Amino acid sequence: MSASDEGNAAAAGYAPHPYVGGRTAVLRALAAWRMRWPGAPRVIVLTGNPGSGRSRLLTGFLMMCDPGYRKQLPLDDLDPATVPPDLPAPAVPSPAGRTAAQLLWLISDHFGLNADHTDDIFTELATREEPVTIVVPDVDQAGPVRAANEPVRVVQDVLKPLAATETVQLLADVPRELAAELAGALPRGQVQIIDLDEAEWADPKGLALHAETALTPEAGAPELPYTTDPSARRALAEAIAARADGNRLTVQLAVQSLLMQPDGFDPADTSLLPGGVGEALDLHARRLGADPQTLRLLLAPLAFAEGEGLPVQLWGALANAVAGRDMSQDLADGMLLAAPFIQPVEASPDEDGDRDDDEAAASDGDEAAAGSGADAGAGSGADAGRTLLRLMHPGLAEEIRSALPDTRDAQTKIAMALLEAVPQQDWSKADPYIRVHLAAHTLDAGLLPQLLTDPGLFAHADPVTMRAAIEAVPLEQLGAPARTYLRTAPLLTRSQAPAELRAAFLESAFVEDGLAPYAEALHTLGFTLPWRTLWSVPLVGVRAVTTGSLPAQGGDGATADAAGGPDGTPTADQAPHAATPGSAQPGGPVPASGTAAPRPVAAFVVPEGTPGSRTLPRPDGDGSEGEGRALLLHDLLRPEYVDADPAQVQLPSEQAQTAAPFGLSRGADYLRVWARADQEVVAALLSDTPFTGADLSPDGVLVVATARGVTARQILATPPPATPTVPAQRTGTADSDASDGLEGDHS
């Protein structure tokens, strides 16, 4: 196919595609690919300059691939070679705003693949009997953070493996700088690059038709001599298309500019027609008697805007910052000046981090849970419903950014202005745009590592964008708090946790990583946290935990044999002669009046040989091989181990357990603490690794073991007062099974 086919199609009397308005050569190539015509490539890489019309072309082609939408198109009037066969619609996973991992899990969900890791997705697709068709549009818009350069990862981690899978028929719209890399991974004959800016695929007549249609009064153009007279309109449209050098965005900007402000425009003067996107900006400003640089400075904040767009309320402050002067009067006088280049949009809940499941799915990389669509950022949705402003095309934003003398300096000024816009540096009062996108702006400015020391920002920031921004920073540049956030981020996104619960998860994570001051700071920021993390130990191999107490000894709570050996391990005469599973009995002797209270402890079942532990004798007749078990005691309320005979540990009595204000329910990777009086959940805990043990003391200390270690949390909720009536029966999960700590594992 070549550009000459456009003329052949017109000569044959075929109507142009009603949405694309031309591109016959490309549409024929895509139709042949869709029907797997002999000799057609299995993979097509669609590319071109910003504004070349790739997205519009792909949208028009997909209209003809959708069985429902085909019924609304005049297919009988179109060139039959441009109409794909009536087949089931292809999969069209959008990478816009998504990471490479999210995109892969989206594909996995669409085809119902049984994949636990991303590599499994390609294996599953390769074993399918019937080929699958996948269209990936707008790769240049991939990623929740623009500066993280996610399109590169999408090409490397998603498109290249898909293209190498023989059962996959792939069509991808990628930036030109990545097209050769994608195509180069395949043998000749299997792949074809369609560059819309090359003469072979050019469509000057279609571009002129696009301009002519936009100039008609039926399309909303005012009644002017060159819009109402067909011959004058056609001549102007052809002149606009010729000057635009094949760029659809340039044509669109030229038409919008002259129709919005027709005064001072002479259709016979081709010097008033732009030859590129930058010229369209400058010519429009001069026609309105304005300085082109002023127009660019007004639009600069929108060119750097992340997500769906910039809130109107922030535009002025950011324009002042970029310009280095007060732009308020320019902004007030410049709405007509900027109008052709701006598109207002109504913010979705996503703009405050409250993403749909499939929008944030798979932020956990290879985690299978992400593939189920469980992974999402979370937030209050405060941005939803208000007006955002964005530039009408990404190519326009790219032009404005590239023309600035120092883009990093401009981004630095924007980032500082956003920080100054946070009232009293209280992140709960910050504009939703700032909470969601500040990390992206500071990443682009090179300032993100300095920002990653604020626990309040960690809790209030959207975890999807924050995680993507932090992952783009070299690990050696991250401080300890940022590393803690990074390892916790998958849990924050998967749980769809609101800010308060994110703060609770981070509070525990900071304690686990030895950053207690950061954990304590979260208790001073106005959050109502469900717990306070008391301590955490990085102990590997814990199989179960139990809470109990040691009888008081000598008035200070210390046990008689607490001294132990020089290294803290029990001495020979402190052997656990009675420490067998089930030997510690509930209750125990009550201390005499005037003596110290029993010492609350947690007992861990650990592998034999763990330093400080005491081996549990095997039951009589147990001759099994393998690693034995041992018990290790830890103070329940303080971060210190206890050297004592486990046989002295007293478990809570049945009466104490019944009178306890809280109950515990447990799943594989979640725990719920609920108030016995009204059955309401007061704390919910998720883990990125399965729980290996959990117990709740009568006074509300939750001890949890995972593969990472053991952590104790004091539940802070105030239980409701007990009523004399019979409590309602709980409809949730039953209490967790008895701990298999001192009493042994009865599963």
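The values are calculated or read from the model by the stated rules, or taken from the named source; none is laboratory data. Here the structure is a predicted model, which is why all the values come from computation and not from measurement. Counting neighbours? That spans all protein chains shown, and the Cβs are built from the backbone with ideal geometry, glycine included. Calculation scope for accessible area: heavy atoms of the full protein, side chains included, ligands and nucleic acids excluded. Shrake-Rupley method; radii C 1.70, N 1.55, O 1.52, S 1.80 Å.
Brief remarks on what is shown
- Residue match in region 127-150 (condition: over 18 Å from SER55 (Cβ atoms), at pLDDT 95 or above, in a helix (DSSP H, G or I) and of a type outside the set (A, V, I, L, M)): no
- Hits in region 251-291 - residues which are part of a helix (DSSP H, G or I), among the small types (Gly, Ala, Ser) and in contact (Cβ under 8 Å) with a residue 24 or more places away in the chain: ALA254, SER257, GLY278, ALA280, ALA285
- The one condition in (1) in a strand (DSSP E or B); (2) at pLDDT below 95 that HIS634 fails to fulfil: (2)
- Set HIS117, HIS110: member being at pLDDT 95 or above, open to solvent by 40 Å² or more (accessible area, probe 1.4 Å) and over 16 Å from LEU30 (Cα atoms): HIS110
- Filter pass, ALA597 being in a loop (DSSP other than H, G, I, E, B), out of contact with any His (no Cβ under 7 Å at 6 or more places or on another chain) and either modelled with pLDDT under 85 or surrounded by fewer than 15 Cβ atoms within 10 Å (Cβ to Cβ) (or both): yes
- Answer from GLN411, GLN424, GLN496 - the residue that is modelled with pLDDT under 95 and over 21 Å from the mean Cα position of the chain (by Cα): GLN424
- Taken over region 3-28, the criterion of being modelled with pLDDT under 85, under 16 Å from ALA202 (Cβ atoms) and over 38 Å from the mean Cα position of the chain (by Cα) is satisfied by ALA3, SER4, ASP5, GLU6, GLY7, ASN8, ALA9, ALA10.
- Of all the criteria given as (1) open to solvent by less than 10 Å² (accessible area, probe 1.4 Å); (2) touching a Phe, Trp or Tyr at 6+ places or on another chain (Cβ under 6 Å); (3) not hydroxyl-bearing (Ser, Thr, Tyr), the one not satisfied by ALA459 is (2).
- Hey, ASP245 in contact (Cβ under 8 Å) with a residue 12 or more places away in the chain and more than 23 Å from ARG146 (Cα to Cα) or not: yes
- Within region 50-73, considering residues that are touching a strand residue (DSSP E or B) at 6+ places or on another chain (Cβ under 9 Å) and not hydrophobic (A, V, I, L, M, F, W, C), the one surrounded by the most Cβ atoms within 10 Å (Cβ to Cβ): ARG54
- Test set (1) closer than 24 Å to LEU522 by Cβ; (2) outside any helix (DSSP H, G or I); (3) open to solvent by less than 50 Å² (accessible area, probe 1.4 Å) - LEU389 fails condition number: (1)
- Tally, over region 83-106, of residues that are without any contact (Cβ under 8 Å) to a residue 40 or more places away in the chain and either within 17 Å of VAL168 (Cα to Cα) or outside any loop (DSSP other than H, G, I, E, B) (or both): 2
- Every residue from region 495-520 that is within 13 Å of SER536 (Cα to Cα), open to solvent by 50 Å² or more (accessible area, probe 1.4 Å) and part of a helix (DSSP H, G or I): GLU512, ALA516
- Hey, ARG435 surrounded by fewer than 21 Cβ atoms within 10 Å (Cβ to Cβ) and out of contact with any Pro (no Cβ under 7 Å at 6 or more places or on another chain) or not: no
- Looking only at residues of region 685-725 that are part of a loop (DSSP other than H, G, I, E, B) and closer than 20 Å to GLY667 by Cα, we find that the one that is modelled with the lowest pLDDT is ASP688.
- Restricting attention to region 428-465, the residues that are of a type in the set (A, V, I, L, M, F, W, C), in a helix (DSSP H, G or I), free of Cβ contacts under 8 Å to residues at least 40 places away in the same chain and more than 23 Å from GLU346 (Cα to Cα) add up to 4.
- Residue within region 59-71 that is more than 27 Å from the chain's Cα centre (by Cα) and assigned to a loop (DSSP other than H, G, I, E, B) present: yes
- Residues (assigned to a strand (DSSP E or B) and in contact (Cβ under 8 Å) with a residue 12 or more places away in the chain) located in region 165-194: VAL168, GLN169, LEU170, LEU171, ALA172, ASP173, VAL191, GLN192, ILE193, ILE194
- Tally of residues being within 37 Å of the chain's Cα centre (by Cα) and basic (Lys, Arg) across region 188-213: 1
- Top-ranked residue in region 507-565 [being touching a helix residue (DSSP H, G or I) at 6+ places or on another chain (Cβ under 7 Å), among the hydroxyl-bearing types (Ser, Thr, Tyr) and within 16 Å of HIS634 (Cβ to Cβ); ranked as modelled with the lowest pLDDT]: THR559
- Among residues of region 317-331 that are in contact (Cβ under 8 Å) with a residue 24 or more places away in the chain and loosely packed, with under 11 Cβ neighbours inside 10 Å, none has a beta-carbon under 6 Å from a residue that is of a type in the set (Ser, Thr, Tyr) and assigned to a helix (DSSP H, G or I) at least six positions away or on a different chain.
- Count - residues of region 146-164 that are of a type in the set (A, V, I, L, M, F, W, C), in contact (Cβ under 8 Å) with a residue 60 or more places away in the chain and in contact with a Lys or Arg (Cβ under 9 Å, 6 or more places away or on another chain): 1
- Annotation: of all residues in region 654-672 being modelled with pLDDT under 90 and assigned to a loop (DSSP other than H, G, I, E, B), the one that is most open to solvent (accessible area, probe 1.4 Å) is ALA668.
- Contacts under 7 angstrom Cβ, first residue in region 389-413 being β-branched (Val, Ile, Thr), partner open to solvent by less than 50 Å² (accessible area, probe 1.4 Å), 6 or more apart: ILE400/ARG296; ILE400/LEU299; ILE400/ALA300; ILE400/ALA303; THR407/ARG401; THR412/ALA445; THR412/LEU447
- Of LEU288, LEU273, all but one fail to be aliphatic (A, V, I, L, M) and surrounded by 17 or more Cβ atoms within 10 Å (Cβ to Cβ); the exception is LEU273.
- The set of residues in region 249-270 being surrounded by fewer than 16 Cβ atoms within 10 Å (Cβ to Cβ) and hydrophobic (A, V, I, L, M, F, W, C) consists of MET260, ALA268.
- When residues of region 466-494 are limited to those that are open to solvent by 30 Å² or more (accessible area, probe 1.4 Å) and not in a helix (DSSP H, G or I), the one nearest to LEU515 (Cα to Cα): GLY479
- Exactly one residue out of ALA96, ALA91, ALA32 is touching a helix residue (DSSP H, G or I) at 6+ places or on another chain (Cβ under 6 Å) and open to solvent by 10 Å² or more (accessible area, probe 1.4 Å), and it is ALA96.
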